[in-house]
Structure formats: C-alpha cells, structure tokens
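One structure below.
The values are calculated or read from the model by the stated rules, or taken from the named source; none is laboratory data. Computed from a prediction, not measured in an experiment: that's the story for all the values here. Backbone-built Cβ (ideal geometry, glycine too); neighbour counts: all protein chains shown. Protein only, heavy atoms only, side chains kept; ligands, DNA and RNA dropped before computing areas. Shrake-Rupley method; radii C 1.70, N 1.55, O 1.52, S 1.80 Å.
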Amino acid sequence: MALDILTARPWPALLGLPWRLPLEEWPEEILAALPRGISRHIVRFTRVEGRVVAIKEIKADIARREYEMLRMLRRLDQPVVEPIGVVDGRVDLAGEPLDACLLTRHLQFSLPYRAMMSQTLRADTAARLLDALAALLVRLHLIGFWWGDVSLSNTLFKRNAGAFAAYLVDAETGELHDSLSDGQREHDLDIARVNIAGELMDLQAGGFVDERVDPVDVSARILERYEALWHEVTAVERFDASKLFKVDERIRRLNDLGFDVDELSMTTDIDGTTVQIQPKVVDAGHHSRRLLRLTGLDVEDNQARRLLNDLDSYRAATNRQNDDEEQVAHDWLATCYEPVVRAVPPELRGKLEPAEIFHEVLENRWYLSEAADHDVSLAEATQDYVHRILPAKPDEAAVVGVDTMSIPVRAHE
C-alpha cells in the first residue's frame, strides 16, 4: 500500500495507524473515548504522540478541499478546528480501495451539542448555544465565508464565562469569497433555521428538550441575534456634526461586543452639518487580544472580559489606578490568577480550562460572601470550590445547563 499523506509538517507517527482497516473497524484500544456529534461520515478519535486527533473518512477530493479551506480560515484567524492533514491511497486487506481520511486536532474542552444532553436541555441553554452560533456566523460572513451547512451538529462549543464560544468543525460545503451578497447571507440563515429546528425536534423526540419548547421559535432566535449583531457591526450611522462623541460611542459598543474596529469610514454632507460613519474593517477578539498583551493568557473572549474585569477590580482595591497597566497585570497574575490555577489538584485539571475555573471561583466567592454576609477571600472561595464543586463536574467540560452557580460576581471589593 502506497499511502499519500498530506500534512502541514512531518508526522511519522501517523504511519503507525491501521490505515488498511475501514475507520469503523479500528480497534477500541487505539481510540479515544470522546463524545462525537452527528456526521454523515464515519468519525473516530485517536491519540497520536499524546495529541487527540479526529479522523473523518471522506472522498479524497472533498478531504483535500476541506483541509485547504480550514487552513485558509485559520490563517484568517477564524474559530475553526485545526487541520492536520489528509491520508489518501488507502486499500483494505483485500486490496480494495478505501476512502481518504481528513485529520483535525481535537479542540480541547469542547463538546458537540448532543454531548451536553446528559440532562434535559433548558430553553435558556439552547438560546445561549444559538447566540454563540450567530456570533460565529457573523464572523465568518464578515470575511466572505459562505458556510452552506450551518447547524449545531457542524459546530463545537466551549464554555466561555457563562456563555459559549462556537467553533466551525465542518467546512465541507463552504466557499470563500471576497464578500457575500445579502442573498448569500440569507441563504446561510435559512439553512441554519431549518437545520436547527430539525435538530431540536430530534432532541425533543428523545426526551432531551422540554415538550413546552417550540423548536421553530427557538431556531428563529439565530436570525434575530444574527441580524442585531450584523447591524451593529456593519450599519451606517448618521448624526449631527456637533455630536462627534457618537463616533467613540459606536467603537465602544463594538468593543463591548468583542469586536475591534481597524478602519472607520467617515463622510460629511455638503455643508458639514451631518456626519456619516461606517465600520470598514472589524475583527473579533477585542478582549482576548488585550488580555494576551497584558498577561500572556490566551483565552476565549468572554473569559478575557471577565478576567479583565477582575484585573480592574484588583487595580482599584489596591489603589493602583495610576500605576503602569502591564505591571499591575503582572502582579494580578501572580497574586490572584495563578494561585487559583495552582490550587487545582492534577487529577482535576481535565475538568475545565483554567480561565473557566477562575471564572467559576469568582462566582463561588460571590455566593459564599452573600451566604456569610461578609466578604470571603479569594483563597477561601478557591478552597471551597476545589473541594466541594469541581470534583462533581465531569471531565472535558461541565454539563451545560446545570450550573451550580449562576449569579453575579463580586471580586476584590
């Protein structure tokens, strides 16, 4: 058998996998027991040199096209799974040809939406998933990517400080253009609405979605959320020339949504009494980039916002508003964030990402302070969380929709 292996870098360990067997016949001892979403293709997980790799059996031309598309989207800094390579030239033990395999790296601490259904899916949890998917779709449409098969099944979700972050996991039908027409965007939204309603109906039939939930109404939320976000990111805004502060307001609103404005188009009418502005280049990840610059922590955007809020609270509590921001961030990292992360025993570190653990410790601190009617220290809240809450959470990620804490956070007061 002459294998044709296309990878971004040499990976000799791939040669040791049983490529002469159809993927569905691979022995259990080499597979990683991770939850899988619904797919029209056979998908398996295995460990290669300590890394978990997702392998999808698919036609060779489609596998190569998807591999290149995922690489392009990664270069454009989009939230998609990392492509590893394509294995072609496979034949079985009888010499009959087998489909090629697309290899991607497993996104740590992520889950397909069906794996979240260990308990009944609440309507508010479904809504948060759709909010994340709508934000992902806006990001992809901004760079001219038409997905063509928008669904919960083709998305992975990670916890993101009380919300979720969505990642594209299947680019098989996608197309990358210079920009998308309104018709192309609406087509993607129609596909999303129909697919999501069908997925929720399927879950409802299995007893995982409350019978009182209307799948059609819930799926319509993605259109509402998408349109609101798309309008904020792209709409033209007009105002009186004496109110130039509205330019800053628009940028701040976009920053609050997690977008940076790299370029802004500003024009005036003939007599200069009216100003028109429109964001021209908008990039997601405003908070995560700022936190990365200050601390070196690379986390999801909502998590970054939460950590930055705690950093600001720390700065005020220590009366260091006039100190260098980077020095304060360094001290916060050493005295607040790192002690919480280090307090987690090795056997519990597979439960949640460190940034999500810190977020939940802050919530636990608020809860304990309310119950005690006085401020509880971060160290006390951490000890309580590690001993009482974290051990009960399953590995990979916490079960969605059954949070032990879902209340506001108070930190460094």
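Among the residues of region 181-204, write down those that are open to solvent by less than 40 Å² (accessible area, probe 1.4 Å) and either closer than 30 Å to Leu308 by Cα or touching a Leu at 6+ places or on another chain (Cβ under 9 Å) (or both). Passing the criteria: Arg185, Asp188, Leu189, Ala192, Ile196, Glu199, Leu200, Leu203.
Out of all the residues in region 215-253, which are open to solvent by 70 Å² or more (accessible area, probe 1.4 Å) and either in contact (Cβ under 8 Å) with a residue 40 or more places away in the chain or within 21 Å of Ser153 (Cα to Cα) (or both)?
To start, the set of residues in region 215-253 that are open to solvent by 70 Å² or more (accessible area, probe 1.4 Å) comprises 216-217, 221, 224-225, 227, 231, 238, 240, 242-245, 248-249, 252-253.
Matches in region 215-253: Val216, Asp217, Arg221, Glu224, Arg225.
Residues of region 168-179 that are open to solvent by 30 Å² or more (accessible area, probe 1.4 Å) and of a type in the set (A, V, I, L, M, F, W, C): Val169, Leu176.
Restricted to region 212-301, the set of helices (runs of 4 or more DSSP H) holding at least 3 residues that are more than 30 Å from Ile357 (Cβ to Cβ) comprises 215-234, 245-256.
When only residues in region 345-363 that are more than 18 Å from Ala163 (Cβ to Cβ) and either at pLDDT 85 or above or of a type in the set (Gly, Ala, Ser) (or both) count, which is surrounded by the most Cβ atoms within 10 Å (Cβ to Cβ)? If you could, list the steps in order and put the result at the bottom.
Here is the first cut: in region 345-363, the ones more than 18 Å from Ala163 (Cβ to Cβ) are 345-351.
Narrowing further to those that are either at pLDDT 85 or above or of a type in the set (Gly, Ala, Ser) (or both): 345-348, 350.
Working: Pro345: 11, Pro346: 6, Glu347: 8, Leu348: 15, Gly350: 13.
Among residues in region 345-363 that are more than 18 Å from Ala163 (Cβ to Cβ) and either at pLDDT 85 or above or of a type in the set (Gly, Ala, Ser) (or both), the one surrounded by the most Cβ atoms within 10 Å (Cβ to Cβ) is Leu348.
Restricting region 199-211 to residues that are without any contact (Cβ under 8 Å) to a residue 12 or more places away in the chain and assigned to a helix (DSSP H, G or I), the residue that is nearest to Ala126 (Cα to Cα) is Gln204.
Going by what's in this entry, would Leu14 be described as buried (at least 17 other Cβ atoms within 10 Å of the Cβ), modelled with pLDDT under 90, of a type outside the set (Gly, Ala, Ser) and in a helix (DSSP H, G or I)? Step through it out loud before you land on a result.
On the way: buried (at least 17 other Cβ atoms within 10 Å of the Cβ): yes; modelled with pLDDT under 90: yes; of a type outside the set (Gly, Ala, Ser): yes; in a helix (DSSP H, G or I): yes.
When the stated conditions are applied, Leu14 passes them.
Within region 215-233, does at least one residue satisfy the condition of being touching a strand residue (DSSP E or B) at 6+ places or on another chain (Cβ under 9 Å) and of a type in the set (S, T, N, Q)? Scanning region 215-233 turns up no residue that is touching a strand residue (DSSP E or B) at 6+ places or on another chain (Cβ under 9 Å) and of a type in the set (S, T, N, Q). Beta carbons closer than 6 Å, at least 6 apart along the sequence or on distinct chains, pair a first residue in region 13-39 that is under 16 Å from Tyr113 (Cα atoms) with a second that is modelled with pLDDT of 85 or more and open to solvent by less than 40 Å² (accessible area, probe 1.4 Å) for Leu34/Phe45; Arg36/Val43; Gly37/Ser153; Ile38/Ser153. Candidates in region 152-163 are the residues that are in a loop (DSSP other than H, G, I, E, B) and open to solvent by 10 Å² or more (accessible area, probe 1.4 Å); of these, the one that is farthest from Ile222 (Cα to Cα) is Ala161.
Please verify whether Arg139 is of a type in the set (D, E, K, R) and either in contact with a strand residue (DSSP E or B) (Cβ under 7 Å, 6 or more places away or on another chain) or open to solvent by less than 10 Å² (accessible area, probe 1.4 Å) (or both), treating the condition exactly as stated. Answer is yes for this residue.
For region 47-87, name all the residues that are charged (D, E, K, R) and open to solvent by less than 10 Å² (accessible area, probe 1.4 Å). Spell out how you get there, then give the answer.
From region 47-87, those charged (D, E, K, R) are 47, 49, 51, 56-57, 59, 61, 64-66, 68, 71, 74-75, 77, 82; that's our starting set.
Selection gives Glu66 alone.
Note on region 292-337: among residues that are hydroxyl-bearing (Ser, Thr, Tyr) and surrounded by 15 or more Cβ atoms within 10 Å (Cβ to Cβ), the one that is farthest from Arg139 (Cα to Cα) is Tyr314. Within region 165-186, the set of residues being free of Cβ contacts under 8 Å to residues at least 60 places away in the same chain and of a type outside the set (Gly, Ala, Ser) comprises Thr173, Glu175, His177, Asp178, Leu180, Asp182, Gln184, Arg185, Glu186.
Count, please, the residues in region 45-65 that happen to be part of a helix (DSSP H, G or I) and either of a type in the set (A, V, I, L, M) or out of contact with any strand residue (DSSP E or B) (no Cβ under 6 Å at 6 or more places or on another chain) (or both).
To start, the set of residues in region 45-65 that are part of a helix (DSSP H, G or I) comprises 60-65.
In the following step, the residues that additionally are either of a type in the set (A, V, I, L, M) or out of contact with any strand residue (DSSP E or B) (no Cβ under 6 Å at 6 or more places or on another chain) (or both) were identified as 60-63, 65.
Number satisfying all stated conditions: 5.
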